[in-house]
1. Looking at D111, D129, which one is closer than 19 Å to E196 by Cβ and modelled with pLDDT of 95 or more?
2. For the stretch 165-207, enumerate the residues that are among the β-branched types (V, I, T), in contact (Cβ under 8 Å) with a residue 24 or more places away in the chain and more than 30 Å from E126 (Cβ to Cβ).
3. Mind checking whether some residue in the stretch 55-74 is part of a loop (DSSP other than H, G, I, E, B), within 29 Å of the chain's Cα centre (by Cα) and either surrounded by 15 or more Cβ atoms within 10 Å (Cβ to Cβ) or modelled with pLDDT of 95 or more (or both)?
Amino acid sequence: MHSLRRSPLLFILLATLGCFAASERGAGSATEMMRKEAATDALSEDAGGGVPGEPVARQLIRRAWLEVEVAGDQLSASGQRARDVAERYKGYVSNESISEDYVQLVLRIPDAQLENALNELGTAGEITDRRINVDDVTMQYTDIRIRIENAKKLQHRLNELLAKAENVRETLEIERELARITTELERMEGQRRLLENQIQLATLTVTYRRSEQPGPLGWVFY
């Protein structure tokens, strides 16, 4: 019987994959360390001692809701106002719902212009609800960025090993791992793009409702 032996190149492949797995396990602790370092820098700066470190840019996803009561004959004009505001601030309308009694639009607005858009859209009538929710995704964004960097390094290393493959077995094993890492890299880059889109563009749901007007005899109660 012949014992199964791995070529030196395949041992290098296994070692490379092992290092990548270890770096993946350490990605979470790395982001936690960055968070702690940022907090320490902030405390040092507040205390006036030492030179603060490079500030960590917070990655925030903001969502806002605005409800406004308007006169019935102003529903259509109010909806158009919201479309115009989105366009003027270099945003867009991602969803729209219209009925006899209300107009609702979901706007994607550059984050820096969210308050301006809220203030402008609220002038159409009486504001009945105005809320902003902020979700800090700094650690999540940092984690995915680190994982992408690690995957790209592994992808580059696998391409180097592929160029040195000396037989079909080595080629197939390296190509299989390369395909797996490439697929994972594409998935993570998609996650990063989604996060960046949510960070850069705030989501504003604005609803204009028809205000109830009393009849010529005032309000009638039954």
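1. D111
2. Listed by number, the residues that qualify are I174, I181, T182, I199.
3. yes
Results for (1) surrounded by 15 or more Cβ atoms within 10 Å (Cβ to Cβ); (2) in contact (Cβ under 8 Å) with a residue 24 or more places away in the chain; (3) not in a helix (DSSP H, G or I), shown as yes or no for each residue.
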{"residue": "S78", "(1), (2), (3)": "yes, yes, no"}
{"residue": "D84", "(1), (2), (3)": "no, no, no"}
{"residue": "L105", "(1), (2), (3)": "yes, yes, yes"}
{"residue": "A112", "(1), (2), (3)": "no, no, no"}
{"residue": "T123", "(1), (2), (3)": "no, no, no"}
{"residue": "I132", "(1), (2), (3)": "no, yes, yes"}
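The values are calculated or read from the model by the stated rules, or taken from the named source; none is laboratory data. Everything numeric in this text was worked out from a predicted model, so none of it was measured. For neighbour counting, all protein chains shown are included, and Cβ atoms are generated from backbone atoms with ideal geometry for every residue, glycine included.
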